[in-house]
Amino acid sequence: MGMAFLCFAASYITSWRAVVIATSAHLFFVALLLISNIPESPRFLLKNKKNEEAKQVLKIMASWNKVDLPEEFEIIQTDEPSEQERAWKLFTYSRYTCSATLAQMFIWFTAALYFFALSFNMNDVLGNPYLNLAVTGVMEVLINVSSYFFIDRVGRRWCMLVSFVLCGISVGICRFLPHENLHYTHFSVKTFWVIFGRAVGGFIYSLVYLYSAEIFATTVRSSGLGLCVCAAQISSLIAPFVIVINADNANVVYTILFLFCIVAFLASWILPETANVPLPSTVAEMDAMKYQKYSIFTENSPLISGDALQSSKDKEGYLVE
């Protein structure tokens, strides 16, 4: 909906500075309201010896997640320091953790390139570019809301795979449509597939945040997400140059995006399913996720087998009780 509001404002306000002010000034007041209502992190409170406040936050979190907590409970803190793992361990621990990390970085790169390239290329389709972009924003909301019912039952992995297939089909059809002397019917078909592909690309861009956060282990989650976001930012810097390519041959843009979708699909294939699975706490547990069985439309969660986790932890030198 924010994209639709931005397009509405940009279509009537000619100065980009005024557009920025009109679309972002209200966010300051929204942020003030949210800050006053968002609870503090329980881990931060425990770190600062505020156990009672941490218990209250945990009760709030339990009520949100519909989990029953006893009226009286104690938080027991161990004196053993948690093991710290560096980001480079993602690339050196095993071949699988390295492959999974590089695959996610490429998926983020492709998602950002696809999303922003089609956004900047809206002038290549029929109709008002502001209206087209606003429609994609509304479609993106509908796809994200409807996907809420699929990502848990079908799984993150299959949602990602199907989305890249749809994105590839969208730009593939646009690639083979003639660019010059288009019939109105061709223009309408191209407009539909560009808008649809842009909406699905927006869904992928939202899904990767959830998917990658569940794949990376707790000890390296922030570092792993940082690498992925860095890859996406590099891609977003490259995306505006599609306008220069579009001036010479618009079909080149769709060809590039089609090829990236194919490679991103193959990269997604090697990733594990994370729906209804406990989050990995260490890189060893992340490595053990490669043994998960992939399932679709099933009530059973794809769990890590005990032997697989034992083998991976033994490699790290853990003592498994």
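Only the coordinates and a few stated rules stand behind these numbers; no lab work does. Every value quoted in this text rests on a predicted model; they were computed, and no experiment measured them. Reconstructed Cβ throughout: ideal geometry from the backbone, glycine too, with neighbour counts over all protein chains shown.
Given labels modelled 7 Å from the Cα in the Cβ direction, how far is it in nm from Ala9 to Glu52?
4.4
Between Asp152 and Ala18, how many nm apart are label points set 7 Å from Cα along the C-beta direction?
That separation, rounded to one decimal, is 4.6 nm.
Order of 207-213, 37-43, 137-143, 155-161 by packing, highest average Cβ count within 10 Å first? List each step's numbers first, then the result.
Working: 207-213: 19.0, 37-43: 11.6, 137-143: 17.3, 155-161: 22.3.
Going from most to least packed, we get 155-161, 207-213, 137-143, 37-43.
Could you work out how much longer the chain between Ser36 and Ile238 gets when fully extended? Use 0.36 nm per residue separation minus the Cα distance between them, nm to one decimal. Could you put the intermediate results ahead of the total?
Working: separation 202, 0.36 × 202 = 72.72 nm, distance 3.80 nm.
Here the answer is 68.9 nm.
Could you give me the ³J(HN,Hα) list for the stretch 154-169, computed from phi with Karplus coefficients 6.51, -1.76, 1.60 and θ = phi - 60°, whole Hz, x at Gly and Pro?
7, x, 5, 4, 5, 4, 5, 5, 5, 5, 5, 5, 5, 5, x, 5
Which value in nm describes the separation of the simple spin-label points at Val138 and Leu27, placed 7 Å from the Cα toward the beta carbon?
2.3
Calculate one ³J(HN,Hα) per residue across the stretch 262-279 by plugging θ = phi - 60° into the Karplus curve 6.51 cos²θ - 1.76 cosθ + 1.60, and present them in order as whole Hz with x for glycine and proline.
These are the phi-based 3J(HN,Hα) values: 5, 5, 5, 4, 5, 5, 5, 5, 7, 7, x, 7, 10, 5, 6, 10, x, 5 Hz.
Whole-Hz Karplus ³J(HN,Hα) for the stretch 280-290, in order, using 6.51 cos²θ - 1.76 cosθ + 1.60 and θ = phi - 60°, x for Gly and Pro?
Running phi through 6.51 cos²θ - 1.76 cosθ + 1.60 with θ = phi - 60° gives x, 8, 10, 5, 4, 5, 5, 5, 6, 5, 5 Hz.
Just to verify a number: FRET efficiency for Val67 and Tyr209, C-beta to C-beta distance, R0 = 25 Å, to 0.05?
Working: r = 24 Å, r/R0 = 0.95.
That pair, Val67 with Tyr209, gives E of 0.60.
Using modelled amide H (1.01 Å from N, peptide plane; none on Pro or chain starts), what sits under 5 Å from the amide H of Thr274, excluding residues fewer than 5 places away?
Those lying under 5 Å, H to H, from Thr274 are Arg156, Arg157.
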